[in-house]
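Novice: Here it is, the structure, as structure tokens.
The values are calculated or read from the model by the stated rules, or taken from the named source; none is laboratory data. The structure presented is a predicted model; accordingly, all values stated were derived computationally and were not measured. We place every Cβ from the backbone using ideal geometry, glycine too, and count neighbours over all the protein chains shown.
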Amino acid sequence: MTKKTRNIKDSFHSNTKLLGLIGHPIKHSFSPYIHNITTELLKTDYIYLPFDVTPDNLHNALKGMAALDIRGFNVTIPHKENILQYLNNISEEASIIGAANTVLNDHGILSGYNTDINGITETLMPFKDELNGAIVSIVGAGGGARAAIYTLLRNFKIDKINLINRTKQRADLLKTYFENKMKFDCFDTFELIPPDNVEIFNQSKLIINATSVGMAPDNDDSITPLKESFNSDQIVFDMVYNPAKTELLKLAKKSGATTIDGLKMLVQQAAKSFELWTGEEMPINKIYRSLQLYIAD
């Protein structure tokens with residue numbers, strides 16, 4: 001038993017309220033660390049626990065979460081989309097994106113939210129003026145890409161979005177979906193074929209990697225192997241958070257681009273979840289620095 005496990009166990013008492021995470025697999029998630037460190041710093045009576053839930057047990061698991069009066073929980077792969085059918089209420093952003101990553105339990109009434117929106121918005125907000133009228137390239141066609149598109153169209157005045165995916169058909173479907181949902185028609189779609197995408201990347205003010213390419217243990221992978229894909233006027237945002245300095249960000253840095261790691265988004269989305277559950281504000285800067293050290297170890 002680790003010291004951290006002992007601390008969590010010893011902190012249980014009659015007033016302890018439960019928070020959690022459901023997904024499959026979940027052993028590599030940093031969410032328990034983030035939220036339990038937050039409760040320690042704020043001295044609140046919450047404990048955050050991970051629950052490994054397979055797809056065929058999702059509905060029963062939700063009944064159990066409600067019955068146990070677990071105040072709230074995060075949702076990760078592969079449940080973000082399937083969970084919507086079992087929720088009592090769904091926020092606007094979760095409905096449009098088609099995925100929820102946070103659930104609030106109010107006496108058995110389960111409400112779904114997508115706090116990735118908050119994570120992306122707060123991460124990119126310092127660059128809002130630079131992104132006015134910008135061309136953006138998003139790599140990926142899954143939940144991360146959907147959240148990025150929604151955020152950019154809702155909170156930033158961008159001019160055009162390039163959707164790049166290994167399978168162009170999925171990028172085309174995403175294009176059609178958001179054209180209909182959000183009435184934005186300035187999309188182009190491309191297949192991810194390095195180095196053919198160099199020119200597309202180079203013409204983009206913002207590049208977002210919304211895939212798992214480059215995530216540990218495949219640290220040497222990148223959506224493009226060429227630093228010529230980048231320039232010093234760009235912003236390159238990698239949603240991958242482990243490692244924090246991905247191969248993509250290293251290449252972009254060599255070309256002078258401004259780089260943003262996935263840890264910022266991870267902490268910002270966690271902060272919004274924590275606020276929804278507890279009404280408390282997460283000490284974001286302290287948690288971010290703590291997480292950097294935790295990953296480095």
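Novice: What about Lys253, is it at pLDDT 95 or above and closer than 21 Å to Ile117 by Cβ?
Specialist: no
Novice: OK, next. Among the listed residues Phe187, Phe237, Phe230, identify the single one that is crowded, with 20+ Cβ neighbours inside 10 Å, aromatic (Phe, Trp, Tyr) and over 30 Å from Ser290 (Cα atoms).
Specialist: Being crowded, with 20+ Cβ neighbours inside 10 Å, aromatic (Phe, Trp, Tyr) and over 30 Å from Ser290 (Cα atoms) holds for just one of Phe187, Phe237, Phe230, which is Phe230.
Novice: Among the residues of region 108-142, count how many are closer than 17 Å to Lys157 by Cβ and in a loop (DSSP other than H, G, I, E, B).
Specialist: Within region 108-142, residues that are closer than 17 Å to Lys157 by Cβ and in a loop (DSSP other than H, G, I, E, B) number 7.
Novice: Among the candidates Ala145, Ala94, Ala99, Ala171, single out the residue that is in contact (Cβ under 8 Å) with a residue 12 or more places away in the chain, in a helix (DSSP H, G or I), of a type in the set (A, V, I, L, M, F, W, C) and not assigned by TED's automatic domain parsing to the domain that holds Met239.
Specialist: Ala94
Novice: Separate question: Quick check on this structure: which one of Lys254, Lys245, Lys264 is within 17 Å of the chain's Cα centre (by Cα), more than 15 Å from Asn219 (Cβ to Cβ) and of a type in the set (Lys, Arg)?
Specialist: Lys264
Novice: Which is among the basic types (Lys, Arg), surrounded by 14 or more Cβ atoms within 10 Å (Cβ to Cβ) and either on the phi < 0 side of the Ramachandran plot or under 18 Å from the mean Cα position of the chain (by Cα) (or both), of Lys128, Lys80?
Specialist: Lys80
Novice: For region 178-203, name all the residues that are in a helix (DSSP H, G or I) and among the charged types (D, E, K, R). Step through it out loud before you land on a result.
Specialist: Pass one, region 178-203, residues in a helix (DSSP H, G or I): 178-182, 198-202.
Those that are in a helix (DSSP H, G or I) and among the charged types (D, E, K, R): Glu179, Lys181, Glu199.
Novice: Next question. Within region 39-62, how many residues are in contact with a helix residue (DSSP H, G or I) (Cβ under 9 Å, 6 or more places away or on another chain), over 13 Å from His79 (Cβ atoms) and in a loop (DSSP other than H, G, I, E, B)?
Specialist: 2
Novice: Look at Lys286 and say whether it is surrounded by fewer than 17 Cβ atoms within 10 Å (Cβ to Cβ), within 27 Å of Ile193 (Cβ to Cβ) and basic (Lys, Arg). Full working, then the answer.
Specialist: Working: surrounded by fewer than 17 Cβ atoms within 10 Å (Cβ to Cβ): yes; within 27 Å of Ile193 (Cβ to Cβ): no; basic (Lys, Arg): yes.
No; evaluated as a whole, the condition is false for this residue.
Novice: Based on this model, can you work out whether Leu87 counts as in the same structural domain as Ala145 (by TED's automatic domain parsing), of a type outside the set (Lys, Arg) and farther than 19 Å from Val267 by Cβ? Steps first, please.
Specialist: Details: in the same structural domain as Ala145 (by TED's automatic domain parsing): no; of a type outside the set (Lys, Arg): yes; farther than 19 Å from Val267 by Cβ: yes.
Criteria not met by Leu87.
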